[in-house]
Amino acid sequence: MDHPAKVTSPASKHVFAMTELAYRWRNQRLEVVPHPHKVSAEALRGIDRQKAALQQNTLQFVRRKPANHALLTGARGTGKSSLVKAMLDEFAGQGLRLVEIHPHDLTELPEVVAPLRDRPERFILYVDDFSVASSDARLTALKTALDGGIEDPPENVLIYATSNRRHLMPEMAKENEGYHWEDGELHPGETTEEKISLSERFGLWLSFLPFTQDQYLDAVRVHLALLGHDGWDEELQTLALRWALNRASRSGRVARQFARDWVGREST
């Protein structure tokens with residue numbers, strides 16, 4: 001049985017070969033991802049503005065120009081995670097590498113970053129579906145890594161995080177009670193301040209909205225074409241819309257799922 005290749009341990013800061021394109025942090029080690037999920041940016045529809053912004057930011061990064069950490073927030077299935085993966089597909093040839101870190105492991109960010117510093121490659125730390133309570137130690141770790149520690153952050157590492165929440169933390173109604181007036185100005189409570197201070201450390205904010213019907217149908221046609229089907233008619237459109245209605249969602253993910261189901265059925 002093949003086991004994931006271990007390329008570093010928490011204590012190791014020596015130079016090691018990183019010839020693969022993708023890695024994940026697990027059990028306090030970097031592991032090679034031998035078969036990274038390849039996503040083409042051209043296949044992502046309905047998010048042209050977000051796509052262009054992240055492509056430009058990543059282009060600056062791989063060219064060793066100033067670039068920002070990115071926070072991608074919004075509706076589920078609209079392409080946040082796929083867009084981050086598409087950056088690897090587009091820029092791997094220019095030295096980009098992707099390192100996935102689970103939100104639960106964010107307290108280990110210093111150990112993740114240490115062996116990457118001063119390497120020739122450019123690393124995106126990918127944190128998917130992140131949210132955290134204001135009292136969580138992960139909040140402090142992420143804030144420090146983004147901007148706020150005593151150590152100068154490595155210039156070859158950026159964090160791209162996705163979340164269903166703009167401020168990365170659950171919204172509680174009682175937090176509104178923390179607002180108070182001071183010298184004629186309205187000030188947020190401590191918990192809200194924590195939320196804002198974290199999200200503001202990301203220089204690039206990208207919001208993803210639920211798809212319109214036209215955007216959804218366009219995504220369906222793209223995914224059908226990727227699976228080898230180029231035809232389109234009113235009956236197929238009706239089936240695609242019914243599929244979305246049954247899931248109470250219109251998104252790129254739902255479009256891909258419909259395309260796989262329909263093409264699979266038609267080919268059997």
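Taking region 45-60 only, how many residues are over 14 Å from LEU209 (Cβ atoms) and touching a residue at least 60 places away in the same chain (Cβ under 8 Å)? Of the residues in that region, 4 qualify.
Of the residues LEU21, LEU54, LEU44, the single one that is crowded, with 17+ Cβ neighbours inside 10 Å, within 25 Å of LEU139 (Cβ to Cβ) and not aromatic (Phe, Trp, Tyr) is LEU54. Scanning region 96-107 turns up no residue that is modelled with pLDDT of 95 or more, of a type outside the set (Lys, Arg), assigned to a helix (DSSP H, G or I) and in the same structural domain as GLN28 (by TED's automatic domain parsing). The set of residues from region 42-67 being of a type in the set (A, V, I, L, M, F, W, C) and more than 16 Å from TYR160 (Cα to Cα) comprises ALA43, LEU44, ILE47. Filtered by the rule that a residue be of a type in the set (A, V, I, L, M, F, W, C) and farther than 21 Å from ARG119 by Cα, region 52-104 gives ALA52, ALA53, LEU54, ALA70, LEU71, LEU72, ALA75, LEU83, VAL84, ALA86. If a residue must be farther than 18 Å from GLU42 by Cα and of a type in the set (A, V, I, L, M, F, W, C), how many such residues does region 211-268 contain? Within region 211-268, residues that are farther than 18 Å from GLU42 by Cα and of a type in the set (A, V, I, L, M, F, W, C) number 12. Name the pairs whose Cβ atoms lie under 6 Å apart, with the first residue in region 95-115 and farther than 14 Å from ARG26 by Cα, the second among the basic types (Lys, Arg) and not in a helix (DSSP H, G or I), and 6 or more positions between them or separate chains? From region 95-115, the pairs are GLY95/ARG122; LEU96/ARG122; ALA114/LYS13; PRO115/LYS13.
Within region 194-241, the set of residues being of a type in the set (D, E, K, R) and assigned to a loop (DSSP other than H, G, I, E, B) comprises GLU200, ARG201, ASP230, ASP233. Every listed requirement among (1) assigned to a helix (DSSP H, G or I); (2) crowded, with 23+ Cβ neighbours inside 10 Å; (3) within 13 Å of the chain's Cα centre (by Cα) is met by PHE61 save one, (3). Of all residues in region 91-120, those satisfying the criterion of being at negative phi and of a type in the set (Asp, Glu) are GLU100, ASP105, GLU108, GLU111. For region 119-165, give me each residue that is part of a loop (DSSP other than H, G, I, E, B), out of contact with any helix residue (DSSP H, G or I) (no Cβ under 6 Å at 6 or more places or on another chain), at pLDDT below 80 and not β-branched (Val, Ile, Thr). The answer is SER131, ALA133, SER135, ASP136, GLY148, GLY149, GLU151, ARG165. Scanning region 69-95 for residues that are at pLDDT 95 or above and basic (Lys, Arg) turns up LYS80, LYS85.
If only residues of region 226-268 that are hydrophobic (A, V, I, L, M, F, W, C) and out of contact with any helix residue (DSSP H, G or I) (no Cβ under 9 Å at 6 or more places or on another chain) are counted, the one that is modelled with the lowest pLDDT is ALA248.
The values are calculated or read from the model by the stated rules, or taken from the named source; none is laboratory data. What you see is a predicted model, and the numbers here were worked out from it, not measured in a lab. No Cβ is skipped: glycine too gets one built from the backbone with ideal geometry, and neighbour counts run over all protein chains shown.
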